[in-house]
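For reference, the structure discussed in these notes is given below.
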Amino acid sequence: MIKKSLHKCGENMNETKLSKRLKTVADFVHKDARIADIGSDHAYLPSYLCVNNQIRYAVAGEVNDGPYQSALSQVHRLGISGTVHVRKGNGLEVISPQEVDHVIIAGMGGALITEILETGREKLDGVKRLILQPNVMADRIRIWLKKNDWELIHEVILEEDDKIYEILVAERGYGDKPYTDQCELELLLGPFLMHEKNSAFIKKWKSEINSWKRILNQFEQAKETEEVKLKKEEVIRLITSVEEVISR
Ligand code: SAM
């Protein structure tokens with residue numbers, strides 16, 4: 001079942017002004033690209049890129065009727081329906097193979113973004129760049145990219161209106177890098193983000209560490225079964241390795 005994300009989207013935005021989050025996504029689109037924006041409530045992103053002459057062609061895909069109608073009226077109002085094609089459908093089913101060279105999926109959870117990519121894998125034929133903006137669980141996407149030979153080439157973490165967002169940019173890779181323990185932490189934190197360690201990154205992971213410590217505290221109150229012992233060890237391992245990264 002497809003659930004509408006609980007994150008509010010589209011507030012204070014229009015075709016000339018995007019949120020800091022969506023503007024950062026837009027900045028990763030190549031000039032004259034052919035894009036698909038999947039989950040394109042109001043079609044703000046393709047409208048902005050079209051009005052600013054940044055793209056040649058766009059598909060704005062929406063599964064839910066309300067956002068689909070909003071996207072249709074936005075594109076109609078701007079008179080850009082020759083370039084931005086609003087289509088109703090689930091995930092990548094709204095595009096054909098080779099139709100676009102960029103796929104953008106923003107403002108959803110990492111699990112849903114991964115499901116959309118996995119279900120529509122054959123539609124990625126001809127796609128050169130993925131721009132993905134998970135609200136949570138970015139690690140799921142990094143794991144999917146790695147397993148499917150997409151190379152992560154940029155990452156951004158930013159804070160806007162008290163929320164922290166990650167943006168992942170990937171291009172076709174060769175899948176020649178083996179998994180190691182080091183990779184496990186990189187997949188969780190983001191290889192570029194853990195190197196840069198900006199204030200949003202530190203804030204996010206300090207907050208995660210605090211919630212893991214609360215979980216650990218609950219395990220400590222519980223009866224020590226083998227299962228609880230293993231889970232406790234796992235949480236301690238996580239806390240120690242992430243604390244080490246942010247304090248380095
Ligand atoms: N991409 C915009 C942004 O980042 O501001 C809108 C984000 S909004 C929170 C998520 C949108 O994705 C909603 O309009 C929702 O209807 C749509 N959506 C959720 N699941 C989808 C799916 N499987 N296929 C297409 N659209 C989907």
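Look through 223, 206, 232 and report the one residue that is at pLDDT 90 or above, over 26 Å from the mean Cα position of the chain (by Cα) and not assigned by TED's automatic domain parsing to the domain that holds residue 162. Working first, answer last.
Working: 223 fails: at pLDDT 90 or above; 206 fails: over 26 Å from the mean Cα position of the chain (by Cα).
Within the list 223, 206, 232, the selection yields 232.
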Please determine whether any residue of the stretch 172-185 is farther than 26 Å from residue 22 by Cβ, under 22 Å from the mean Cα position of the chain (by Cα) and acidic (Asp, Glu). yes
Anything in the stretch 50-72 that is crowded, with 21+ Cβ neighbours inside 10 Å, more than 20 Å from residue 97 (Cβ to Cβ) and away from the ligand (no atom under 13 Å from the Cβ)? List them, or say none. 50
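Kindly establish whether residue 166 is more than 23 Å from the chain's Cα centre (by Cα), charged (D, E, K, R) and not in a helix (DSSP H, G or I). Steps first, answer last, please.
Details: more than 23 Å from the chain's Cα centre (by Cα): no; charged (D, E, K, R): yes; not in a helix (DSSP H, G or I): yes.
Considered against the rule, which asks whether it is more than 23 Å from the chain's Cα centre (by Cα), charged (D, E, K, R) and not in a helix (DSSP H, G or I), residue 166 comes out as no.
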Only one of (1) crowded, with 19+ Cβ neighbours inside 10 Å; (2) within 12 Å of the ligand (Cβ to nearest atom); (3) within 24 Å of residue 160 (Cα to Cα) fails for residue 111. Which number is that? (1)
The stretch 21-39, residues that are assigned to a helix (DSSP H, G or I) and near the ligand (Cβ under 10 Å from one of its atoms): 21, 22, 25
Hey, can you tell me all the residues within the stretch 81-108 that are buried (at least 21 other Cβ atoms within 10 Å of the Cβ), on the phi > 0 side of the Ramachandran plot and not in a strand (DSSP E or B)? 91
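The values are calculated or read from the model by the stated rules, or taken from the named source; none is laboratory data. Keep in mind that this is a model prediction, so the values were computed, not measured. Counting neighbours? That spans all protein chains shown, and the Cβs are built from the backbone with ideal geometry, glycine included.
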